[in-house]
Amino acid sequence: MITSELRQLVTAASDHAQRGNDGGDHTVAAALLTKSGRTVLGLNAFHFLGGPCGEISARANHAAECADDPVVAVAAVYGPTGQVISPCGKCRQVLFDRNPAIQCVVRGSNGFEAVSVAELLPYAYDWRAMERPQKLYMWEGYERAIREGTKRQTIRVDDPFCPGPAQLVFEKDSGEVMTIDATVTSVTPTRRRNLTEEHARRDGFASLTELHEALETHYPGLVMDDSVDVVTFELT
C-alpha cells in the first residue's frame, strides 16, 4: 500500500503516458514528486543509438523548472498497457546518484509498494563512498577489547583495506549499529600459516591457537596456505 501522494503521482504518470504514447518512440512516461509536493513529468524518446528514458526526461525537466526542490519519489508507466514499471538499470543509477533515498513506486506481490533506489540497486556504485572513511565490520564480542586497547589488529580475508581514516562498525544482535572512529595504520599481506603468537597477542587473543580458532569461525574453509591481510588500527 502506498500513500495518497504516491497514488496521485502514479495517476499523473499514467495520464501522461496515455497522452504521449504513440506505440513507437514515446511509450514510457515518468512523474517525479518533489519535497514541496510538486509533480514534474517526462516522456521517453526512443532512438536506436539510445534515447532518454521517461525518468531521465523528467529529471531534465526538473533541473529546468525547480532544481532547488529535491526529488523524493518517482513513478513510471508503460503507455501501451498502462502498467507501472520499475526504473531500468541506468535510471536506477542516475536516481541513486541524486539521492539513494528517493522512493520508487513498483508493483509487488500485494500491489503497489514504495521502495528506495538503494533497495532497487544493491551494491550500487556510490561515488560518495570514495570520500568517506572505510568501514571495518567487527563482531560485537570484540568491542570491549578494542575499547580497552588490547585489540589493535584484525585479520581479513578477501576484504581489502588501506592505511587511512576508518570506522569500526558493530552490527549487534539487538539490531543496534555502533561505530568507533579509527585510523588504519598498516596492512600487511601474509599467509595464514605465517601468523605468529605476536599476531595473536595484538589481535586480543591469549594464544595463536585461539586466533586460529577465531579465523575458522569467521572464515570457514580457510586453509593454512590461504592469503590473509594483517590490518592494524588505532582509535581516534
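For the stretch 84-170, applying the loop criterion from DSSP together with a ceiling of 14 other beta carbons within 10 Å to the chymotrypsin sites (Phe, Trp or Tyr not before Pro) yields 123, 125, 139.
Short-range pairs are left out: with C-alpha atoms under 8 Å and at least six residues apart, the relative contact order of the stretch 4-120 is 23 percent.
Note on residue 35: aspartates and glutamates with a C-alpha under 16 Å away, same-chain residues under 8 apart excluded, are 5, 65, 68, 69.
Of the trypsin sites (Lys or Arg not before Pro) found in the stretch 94-197, those that fall in a DSSP loop while having at most 13 other beta-carbon atoms within 10 Å are 172. Kirkwood-based Rg over Rh for the stretch 1-59 (C-alpha set), two decimals? Radius of gyration over Kirkwood radius for the stretch 1-59 works out to 1.03. Around the Cα centre of the chain, unit charges on the Cβ atoms of Lys, Arg, Asp and Glu (plus for the first two, minus for the last two) sum to a dipole of about 420 debye. Largest GNM mean-square fluctuation among 163, 52, 220, using the chain with Cα springs under 10 Å: 220. Simple point charges give the picture: +1 on the Cβ of Lys and Arg, -1 on the Cβ of Asp and Glu, and for the stretch 4-120 a dipole about the Cα centre of about 120 debye.
Computed from phi, the 3J(HN,Hα) profile of the stretch 156-171 under the Karplus parametrisation 6.51, -1.76, 1.60 (θ = phi - 60°) reads 10, 10, 6, 9, x, 9, 9, x, x, x, 8, 10, 8, 10, 10, 9 Hz, with x in place of Gly and Pro.
Multiplying each eigenvalue of the alpha-carbon gyration tensor of the stretch 4-120 by 5 and taking the square root yields semi-axes of 19, 16, 14 Å, largest first, rounded to whole angstroms. Each label point was placed 7 Å from the Cα along the Cα-to-Cβ direction; for residue 69 and residue 159 their separation is 4.6 nm. Set the Cα radius of gyration of the stretch 56-119 against 2.2 N^0.38 Å, with N its number of residues, and you get 1.13. For the chain, find the longest principal axis of its Cα atoms and tell me its angle to the long axis of helix 54-66, 0 to 90°, nearest 10. That works out to roughly 80 degrees.
For the stretch 132-233, the list of GluC sites (Glu not before Pro) that fall in a loop by DSSP and count at most 12 other C-beta atoms within 10 angstrom reads 176.
Taking the C-alpha atoms only, the angle from helix 89-98 to the longest principal axis of the chain is near 70 degrees. The angle between the Cα long axis of helix 208-218 and the main principal axis of the chain comes to about 20°, on a 0 to 90 degree scale. For a modelled paramagnetic label at residue 193, 7 Å from Cα along Cα-to-Cβ, the residues of the stretch 201-236 in reach, with backbone nitrogen under 11 Å, are 224-226. Put in order of Cβ neighbour count within 10 Å, fewest first, the listed residues 5, 55 become 5, 55.
Evaluated at q = 0.09, 0.18 Å⁻¹, a Debye calculation over the C-alpha positions of the chain (equal weights, vacuum) places log10 I(q)/I(0) at -0.58, -1.18. For a straight C-alpha distance cut-off of 18 angstrom, the lysines reachable from residue 172 (same-chain residues fewer than eight places away being disregarded) are 135.
Compute the distance from the alpha-carbon center of the stretch 45-117 to that of the stretch 155-187, in whole Å. Their Cα centres are 34 Å away from one another.
Any read-out appearing in this document is the output of simple, stated calculations on the displayed coordinates, not a laboratory observation. Since the model is a prediction, treat every value here as computed from it, not as a measurement. Using ideal geometry, Cβ is built from the backbone for each residue, glycine included, and neighbour counts are taken over all protein chains shown.
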